[in-house]
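No lab work stands behind these numbers, since they all come straight from the coordinates. What you see is a predicted model; the values in this text were computed from it and never measured. Quick reminder, even Gly has a Cβ in these numbers, built from the backbone with ideal geometry, and neighbours come from all protein chains shown.
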Amino acid sequence: MATATTASVIRTLHRIQRQLTDLRSQLAAGPKQISIQSKRLQNVETERLDLAATLKKARKHADEKQLLLRSSEAKITDLETKRNTAKANREYQLLGEQIDADKMAIKVLEDEILEALERVDEITNQQPTATDNVKKFTDALEQLKKQIQKEAARLEEEMSRVLSKLEEVESELAVETREVYQRVVKHKGEDGMASSEGGCCGGCHQQLTGKMLSQLMAGNVAMCRSCGRLLYESETNS
Ligand SMILES: [Zn+2]
């Protein structure tokens, strides 16, 4: 094989820079996934805590109603004692009416207590699922972290392999071309280079001049006047 032309070196560098971009985005994807999964865990944990708070409130509500029931029952016992010792008929009758009214109120209260206890049961029954969800999402996050850590190690290894290849290939460039290359890469990364496509810049599709085309044909590089990309002849043409 003949000595590599500037174009073929730049072409290789462009491919390596694309690999690096890809590796960097793969590396960045891991923490994003972890953040999404952490958010999910946070949500189910909030659900579990909300449910616990709702249960506490429902129990308190049921307790209060039961307390009220006991004091109402005590009041009735009290009224019945008074009625049994009533001297006047009128007093006896009034106390009887009061007792009947209180007994009606107690029936309503008993229904309310039943409802409140049913609500407590209902929430209690939801608790195992809420707890399971927290466990499930905690495990999933742990699993994901391990997997991403392993993947990151592989990607870092690949990255250092590609970086040393990059350095090696960069050293093949003549000093002046290397400076231009380094400048475009510094500003635009892999997007600082493009192949020519049908006499146009492969990046911005600007028509290239005859002089630029002959430069490219000779295996050199050219700079797109429109977008500033470092251009090289695409592989099929050189
Ligand atoms: Zn261009």
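Can you figure out the FRET efficiency of MET217 with GLU179, using R₀ = 22 Å and their beta-carbon distance, to the nearest 0.05?
0.40
Quick one: putting +1 on the C-beta of Lys and Arg, -1 on the C-beta of Asp and Glu, what dipole do you get for the chain around its Cα centre, in Debye to the nearest 20?
The dipole magnitude comes to about 540 debye.
Any chance you could run the full-extension gain for THR81 through GLN42? It's 0.36 nm times the residue separation minus the Cα-Cα distance, nm to one decimal.
8.2 nm
What is the ratio of the Cα radius of gyration of the chain to 2.2 N^0.38 Å, with N the residue count, to two decimals?
Against the compact-globule rule of thumb, the ratio is 2.31.
With respect to the cross-link table entries LYS186/LYS211; LYS39/LYS136; LYS165/LYS188; LYS56/LYS145, which display a Cα-Cα separation exceeding 24 Å?
LYS186/LYS211; LYS56/LYS145
At a 4.7 angstrom Cβ threshold, list every cysteine in the chain that has nobody to pair with, or say none.
CYS200
Could you tell me which residue out of GLN19, SER38, ALA52 lies farthest along the dipole of the stretch 6-173 toward its positive end? Charges go on the beta carbon: Lys and Arg +1, Asp and Glu -1, centred on the Cα centre.
Value computed over the given set: GLN19.
Mean residue ellipticity at 222 nm from the helices of the chain, using -39,500 (n - 2.57) per DSSP H segment of n ≥ 4 over the full residue count, to the nearest 500 deg cm²/dmol?
Rounded to the nearest 500, the figure is -28500 deg cm²/dmol.
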